[in-house]
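One structure below.
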Amino acid sequence: FVTGIQGQAELTRPAATPSALKFKDGVVIRDVVDTREKSLARILFGGRSTVTVRELTRLEVREELLPTGARRDVHDLSSGAILVNVARQLMKPGDEVVIRTPNAVAAIRGSTVFGSFNAILNQSFFAILSGSGTVTPQGLPPVNLSANTPNNGANVSGTGATVQINIVNVPPAQANQIIADSNVGK
């Protein structure tokens, strides 16, 4: 459910007319959240992860049941940026949270990760701000990233056979700015 909203956001349910996203609205599987300019929305999922949807973002909420019976929360990011904070102690064994963009997937457990996708440049960016995670570019092997190493970010560009990944350093000042820019006012 929505725990904070600043500015304007829209909620679209399958086969329904879009409506304004409001404080305490429930957000369920297959819902799409679109934020406007200078807008943020903070959403609590299953009591175990918080997603801050940044301005000019389109996010679709999905859930997948894994063969083991565990659950995967999927945040389909087709444009814009989100900050995802996952409480490891509230996750069941095998559960995971992923951010999926058109050219990459970031999987996390008990971490804080920033993910963005620029549709014009066809570029994803992931920064592990706490904990660790795995970024898997489309058609390439996974790359493990940790907030405890200098190489805690990844730029993924292109699609199909042209996908490239560049591991980058996200300095503390940049990480702090990402978090500050994701604070939703009361």
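A few remarks follow.
- With respect to the conditions (1) in a loop (DSSP other than H, G, I, E, B); (2) open to solvent by 40 Å² or more (accessible area, probe 1.4 Å); (3) touching a residue at least 24 places away in the same chain (Cβ under 8 Å), Leu44 falls short on a single one, namely (1).
- When segment 53-78 is filtered for residues that are open to solvent by less than 10 Å² (accessible area, probe 1.4 Å) and closer than 20 Å to Ala127 by Cα, the ones remaining, listed by number, are Val53, Thr57, Leu59, Val74, His75, Leu77.
- Count of residues meeting criterion [open to solvent by 40 Å² or more (accessible area, probe 1.4 Å), among the polar types (S, T, N, Q) and at pLDDT 90 or above] in segment 139-154: 1
- Which numbered condition Ala119 misses (of (1) over 19 Å from Val84 (Cβ atoms); (2) out of contact with any Ser or Thr (no Cβ under 6 Å at 6 or more places or on another chain)): (2)
- Residue match in segment 125-138 (condition: among the aromatic types (Phe, Trp, Tyr), open to solvent by 10 Å² or more (accessible area, probe 1.4 Å) and in a strand (DSSP E or B)): yes
Residue-wise test of (1) closer than 19 Å to Arg30 by Cα; (2) open to solvent by 10 Å² or more (accessible area, probe 1.4 Å); (3) in a strand (DSSP E or B).
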| site | (1), (2), (3) |
| --- | --- |
| Val51 | yes, no, yes |
| Gly80 | yes, yes, yes |
| Asn85 | no, yes, yes |
| Gln89 | no, yes, no |
| Gly94 | no, yes, no |
| Val105 | yes, yes, yes |
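The values are calculated or read from the model by the stated rules, or taken from the named source; none is laboratory data. Bear in mind the structure is a predicted one, so any value in this text is a computation, not a measurement. Virtual Cβ from ideal backbone geometry, glycine too; neighbours counted across all protein chains shown. The protein model used for the area step is the full one, side chains on, heavy atoms only, and it has no ligands, DNA or RNA in it. Shrake-Rupley method; radii C 1.70, N 1.55, O 1.52, S 1.80 Å.
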